[in-house]
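Notes follow the structure.
The values are calculated or read from the model by the stated rules, or taken from the named source; none is laboratory data. What you see is a predicted model, and the numbers here were worked out from it, not measured in a lab. Virtual Cβ from ideal backbone geometry, glycine too; neighbours counted across all protein chains shown.
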């Protein structure tokens, strides 16, 4: 079954913990966004894992260099999953994967900026990454004509384990699941909702 991942794009550990506390019963993976990690450091990863040891904690590091080193730092802080950018040299991804093997943790490749997401997804999955995040960032989502359906179609075509991030909400979640996504990533649809817990619950029920 498709897992539900909440992307927490807040800027303080306290706010992140408060949100996670509300939505944890309905999500499988708690993602700590890149701005949050930059603002608070890896202590937010440790704090989240301590608060929710039963959940997978996803550190959205967006690593672009020193793959093994940054992955190891995040894993030592308590992360179960870390991201490496798909645009980087293969050696960076492979280094992170090796660090993951050392700690018994996993690496996800983020495709922001990748021109051919399908081709790159097929390439990097061979390196031993857990899944590929077909991801349109907030800037790309703001462009005229953007649709999450493009990512969904690419997931179907790629034929590898993938997540969808970039416009997943109550209206699109069933399409994400039908495409066979390993993970559906919801950010604003949860943290931007008037009642985040109810929003997360509705998404989880739609998956089930």
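Worth pointing out:
- Options 87, 46, 111; residue that is farther than 21 Å from residue 13 by Cα, modelled with pLDDT of 95 or more and over 16 Å from the mean Cα position of the chain (by Cα): 87
- Residues of region 57-69 classified as in a helix (DSSP H, G or I) and either surrounded by fewer than 19 Cβ atoms within 10 Å (Cβ to Cβ) or at pLDDT below 95 (or both), total: 2
- Region 168-194 - residue that is under 13 Å from the mean Cα position of the chain (by Cα) and crowded, with 21+ Cβ neighbours inside 10 Å and, of those, farthest from residue 153 (Cα to Cα): 186
- Each residue in region 110-121 was checked for being crowded, with 21+ Cβ neighbours inside 10 Å and over 14 Å from residue 83 (Cα atoms), and 1 of them qualify.
- Annotation note: of 44, 107, 129, 124, the sole residue that is in contact (Cβ under 8 Å) with a residue 24 or more places away in the chain, closer than 17 Å to residue 33 by Cβ, in contact with a strand residue (DSSP E or B) (Cβ under 7 Å, 6 or more places away or on another chain) and crowded, with 21+ Cβ neighbours inside 10 Å is 44.
- Qualifying residue in region 31-45 (condition: touching a helix residue (DSSP H, G or I) at 6+ places or on another chain (Cβ under 9 Å), over 29 Å from residue 90 (Cα atoms) and part of a loop (DSSP other than H, G, I, E, B)): no
- Sole residue being closer than 21 Å to residue 100 by Cβ and modelled with pLDDT of 95 or more, chosen from 12, 34: 34
- When restricted to residues that are surrounded by fewer than 19 Cβ atoms within 10 Å (Cβ to Cβ) and either part of a loop (DSSP other than H, G, I, E, B) or without any contact (Cβ under 8 Å) to a residue 24 or more places away in the chain (or both), region 70-87 contains 1.
- Number of the exception - residue 146 against (1) outside any helix (DSSP H, G or I); (2) closer than 17 Å to residue 2 by Cα: (2)
- Qualifying residue in region 48-56 (condition: under 30 Å from residue 149 (Cα atoms), touching a strand residue (DSSP E or B) at 6+ places or on another chain (Cβ under 6 Å) and not in a loop (DSSP other than H, G, I, E, B)): yes
- Counting only residues that are in contact (Cβ under 8 Å) with a residue 40 or more places away in the chain and in a helix (DSSP H, G or I), region 149-182 holds 3 of them.
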